[in-house]
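Since the structure comes first, as structure tokens, the remarks are kept for the end.
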Amino acid sequence: MVEVLPLGRSATVLTPATTANLGPGFDALGLALNWVDQASVRVIERGFELTLTGVGSGSLPLDETHLVVSTILRGLENLGVKAGGLAFTAHNTIPLARGLGSSSAAIASGLALAWGLARPHQPLDRYWAFTLAVGLEGHPDNVGPAIYGGLTIGWFTDGVWKVVGAPVHDDLRVCALVPDTVLETTTARSVMPREIPLSDAIANSAHTALLVHAFSEEPRFLFDATSDRLHQEYRRALYPSSMALVDVLRDQGLAACISGAGPTVVLLHTEGQGALVDLILDGLLSGDSDLSAFKRYALGVGEGVQVLPPSQ
């Protein structure tokens, strides 16, 4: 028999933004950022009551079709429990459709909230959450770091999605450059070719391997390691300003790439490069620049989704 959750039981989670691909690691590599959304859910007698503030509060649905709520319901079903109704509250800060993992954050939030309701005194089973999340999202590059934190590598073998964390050097810093324009992931994927030249595949394999080494041991290799020949050029027409910014930054020797499906640009650098990065960006993003629409966010590496201690 399915367990019915008691009225008033609640859960709260903090979930990070993520940046995927990191240049060559298409659909495999992702990094959690210290930029979080907060969401809470409480069991009520019946129906759905949603209160949204922050990003997307005027456009996202206020019923069970909201991605976090629908994911909560799926998670509860998987865990063998149900609720008469749910009161859901969220404060969103992660930009939508900008390549910062907002949908993966929503899915990770929903599964963590479901776990918090169904297993309030047990640590989140992150692999449980990951396998369900990647089934919903379709690829592991954003959901992996959203759930586990840090840098993750995801892959599919023998019919099973797998994930592992990789070390991140203490000196690594991240700058996100976020434009006003949006881009849906489905649109970005629609322009990808079905085949690529062997030379490009070889280059991306080498750069992806180097990227893991640069993250963990020698950040001085980040520039070479973030070079991509698999997806960014094919999408250039979808985010011309973003690619122009990537081009300018890389011409300056900085490790810039498109974040996920775009159009956000991420710049990976060391603490010692911080003054140079600020100097270059101050000039590029000034009021009279063609790139002035980009907003700058200085970020670090984030933790995976956190289920806060239950209040009851």
Using the structure shown, decide if residue 18 is under 16 Å from residue 137 (Cβ atoms) and under 18 Å from the mean Cα position of the chain (by Cα). yes
Considering residues of region 194-236 that are hydrophobic (A, V, I, L, M, F, W, C) and within 18 Å of residue 267 (Cβ to Cβ) only, the residue surrounded by the most Cβ atoms within 10 Å (Cβ to Cβ): 211
Which residue out of 281, 267 is under 17 Å from residue 29 (Cα atoms), among the hydrophobic types (A, V, I, L, M, F, W, C) and over 13 Å from the mean Cα position of the chain (by Cα)? 267
Only one of (1) in contact with a Gly (Cβ under 6 Å, 6 or more places away or on another chain); (2) of a type in the set (D, E, K, R); (3) within 30 Å of residue 212 (Cβ to Cβ) is not met by residue 46, so which one is it? (3)
Run down 279, 285, 268, 254 and say which single residue is in contact with a Lys or Arg (Cβ under 7 Å, 6 or more places away or on another chain) and in the same structural domain as residue 220 (by TED's automatic domain parsing). 285
Can you run down the residue pairs with Cβ atoms below 6 Å, 6 or more apart or on separate chains, where the first is in region 220-236 and over 12 Å from residue 209 (Cα atoms) and the partner is not in a loop (DSSP other than H, G, I, E, B)? 223/255; 229/200; 229/203; 229/204; 230/204; 232/258; 235/188; 236/243
When you scan region 77-93, how many residues do you find that are within 23 Å of the chain's Cα centre (by Cα) and not small (Gly, Ala, Ser)? 5
Report yes if some residue within region 143-159 is closer than 16 Å to residue 14 by Cβ, surrounded by fewer than 20 Cβ atoms within 10 Å (Cβ to Cβ), modelled with pLDDT of 95 or more and over 12 Å from the mean Cα position of the chain (by Cα); otherwise report no. no
Is at least one residue of region 64-71 out of contact with any Phe, Trp or Tyr (no Cβ under 6 Å at 6 or more places or on another chain), more than 30 Å from residue 227 (Cα to Cα), in a strand (DSSP E or B) and among the polar types (S, T, N, Q)? no
Within region 77-86, can one find any residue that is free of Cβ contacts under 8 Å to residues at least 60 places away in the same chain, in a strand (DSSP E or B) and not assigned by TED's automatic domain parsing to the domain that holds residue 186? yes
Checked region 214-240 for anything of a type outside the set (A, V, I, L, M) and either outside the structural domain of residue 188 (by TED's automatic domain parsing) or within 20 Å of residue 192 (Cβ to Cβ) (or both); matches are 226, 227, 228, 229, 231, 232, 233, 234, 235, 236, 239, 240
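Here is a yes/no grid of residues against (1) surrounded by 20 or more Cβ atoms within 10 Å (Cβ to Cβ); (2) in contact with a strand residue (DSSP E or B) (Cβ under 8 Å, 6 or more places away or on another chain); (3) farther than 30 Å from residue 213 by Cα:
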{"residue": "7", "(1), (2), (3)": "no, yes, yes"}
{"residue": "13", "(1), (2), (3)": "yes, yes, yes"}
{"residue": "26", "(1), (2), (3)": "no, no, no"}
{"residue": "68", "(1), (2), (3)": "yes, yes, yes"}
{"residue": "76", "(1), (2), (3)": "yes, yes, yes"}
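Conditions (1) surrounded by fewer than 17 Cβ atoms within 10 Å (Cβ to Cβ); (2) in contact with a strand residue (DSSP E or B) (Cβ under 6 Å, 6 or more places away or on another chain); (3) in a strand (DSSP E or B), marked per residue:
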| site | (1), (2), (3) |
| --- | --- |
| 99 | no, no, no |
| 115 | no, no, no |
| 129 | no, no, no |
| 132 | no, no, no |
| 135 | yes, no, no |
| 168 | no, yes, no |
| 177 | no, yes, yes |
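The values are calculated or read from the model by the stated rules, or taken from the named source; none is laboratory data. All values derive from a computational prediction rather than experimental measurement. Neighbour counts are summed over all protein chains in view; Cβ atoms, including those assigned to glycine, are modelled from backbone coordinates with ideal geometry.
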